[in-house]
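One structure below.
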Amino acid sequence: MTTEQTKTPSWQWPEEAWRRIVERVRAGRSLRPREWPGGARCAVALSFDSDHDTSELRDGGESIGRLSQGQYGNRQGVPRILAVLRAHDVKASFFVPAVTALLYPDEQRRVVAEGHEIAIHGWIHERNSELPPQAERELQMRSADVLERVTGMRPVGIRTPSWDFTPHTLAITREMGLLYDSSLMGDVDCYELVMNGENTGVVELPVEWIRDDAVYFNMNRFASLRPYTSPADVYDIFKRDFDAAYREGGLFQLTMHPHISGHRSRIWILEELIQHAKAQGQVWFATHAEVVRYVKSHAA
Ligand SMILES: [Zn+2]
């Protein structure tokens, strides 16, 4: 967009201007499969964003109190989550900023050793839209290298920190040869990402703030932000989303944070959700990478 156009109020833009903005990144063909593996009725893709200390560091913060909440994510959050996943034999995806991986390499190795996926979640949970394009590219590539060095596995997917997606993100993701992104909200089913009218081959496994624990539970002592939904109500929202996915034979994706949901009064949400899903009948629990690989080869 030219400076001239940014100065022009949107209601005066020519059609070409708003079309060009919208076409930068679009949902293309649906990758909803005709059936799920093993005759499953629906797929469940659970994810955990191990932001830990980067929630504080990314804005240049040095609060020892808030950093201790990040460390809680490592000491208590992730172990509690892994215990639930192990008890129910469920595999999931962990999106890990490179700085988290460097602070807690043993945690990442344990996550991978227990059969889960680790994928890219930025360097220090930076806000991509505040970065020069060259820095975004460099950080995304460096983050993949760090995760590979720490875990021994090359990540195949990315979730941009705070789902902050710039006009350059998709080109970088494509250049890196990643299989998928999981930061956008254009559907409930997987779809192919289209960039400026061109199919990219990159699969989107869509997220939604509705299916994110942080939205309901976040709190800031020095601002007016407080948790505004009870754990029981959060469970009810997630359960209804799953129930509809089950009825429709679609995909249920969920985002949780170890330092937010890995608490005694909240971890039951994850466990009851898994128990509820299993009680319905045949459900396929899979990592994001597994879901993406499957839908790519089984799109209806
Ligand atoms: Zn995050």
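FYI, it's all coordinate maths here, none of it is from the lab. This structure is a prediction, so every number in the text was calculated from the model and none was measured. In this analysis, Cβ positions are derived from the backbone assuming ideal geometry, glycine residues included, and neighbour counts consider all displayed protein chains.
Checking SER93 against (1) away from the ligand (no atom under 16 Å from the Cβ); (2) of a type in the set (S, T, N, Q); (3) touching a strand residue (DSSP E or B) at 6+ places or on another chain (Cβ under 7 Å): exactly one of these is not met. Which one?
Of everything listed in (1) away from the ligand (no atom under 16 Å from the Cβ); (2) of a type in the set (S, T, N, Q); (3) touching a strand residue (DSSP E or B) at 6+ places or on another chain (Cβ under 7 Å), SER93 misses just condition (1).
Quick check on this structure: which one of VAL146, VAL112 is crowded, with 18+ Cβ neighbours inside 10 Å, away from the ligand (no atom under 15 Å from the Cβ) and not aromatic (Phe, Trp, Tyr)?
Answer to the selection: VAL146.
Give the residue that is nearest to the ligand (Cβ to nearest atom), with candidates limited to residues of the range 201-220 that are in contact (Cβ under 8 Å) with a residue 40 or more places away in the chain, crowded, with 19+ Cβ neighbours inside 10 Å and not in a loop (DSSP other than H, G, I, E, B).
My answer is ASP212.
Of the conditions (1) in a loop (DSSP other than H, G, I, E, B); (2) farther than 18 Å from ASN128 by Cβ, LEU178 fails just one. Which one is it?
Single failed check for LEU178: (2).
Would you tally the residues in the range 177-187 being surrounded by fewer than 19 Cβ atoms within 10 Å (Cβ to Cβ) and touching a helix residue (DSSP H, G or I) at 6+ places or on another chain (Cβ under 9 Å)?
Residues flagged as surrounded by fewer than 19 Cβ atoms within 10 Å (Cβ to Cβ) and touching a helix residue (DSSP H, G or I) at 6+ places or on another chain (Cβ under 9 Å) within the range 177-187 amount to 1.
Can you tell me which residues in the range 115-143 are closer than 25 Å to VAL84 by Cβ and either more than 16 Å from the ligand (Cβ to nearest atom) or in a helix (DSSP H, G or I) (or both)?
If the condition is that a residue be closer than 25 Å to VAL84 by Cβ and either more than 16 Å from the ligand (Cβ to nearest atom) or in a helix (DSSP H, G or I) (or both), then GLY115, HIS116 are the ones that fit.
What is the one condition in (1) out of contact with any Lys or Arg (no Cβ under 8 Å at 6 or more places or on another chain); (2) charged (D, E, K, R); (3) in a loop (DSSP other than H, G, I, E, B) that ASP189 does not satisfy?
Just one mismatch for ASP189, condition (1).
Having 2 or more residues that are surrounded by fewer than 11 Cβ atoms within 10 Å (Cβ to Cβ) is the bar; report the helices (runs of 4 or more DSSP H) wholly within the range 1-80 that clear it.
Correct list: 3-7, 15-23, 64-72.
Can you name the helices (runs of 4 or more DSSP H) wholly within the range 243-300 that have at least 1 residues being touching a His at 6+ places or on another chain (Cβ under 7 Å) and within 16 Å of the ligand (Cβ to nearest atom)?
Filter on the range 243-300 gives 258-261.
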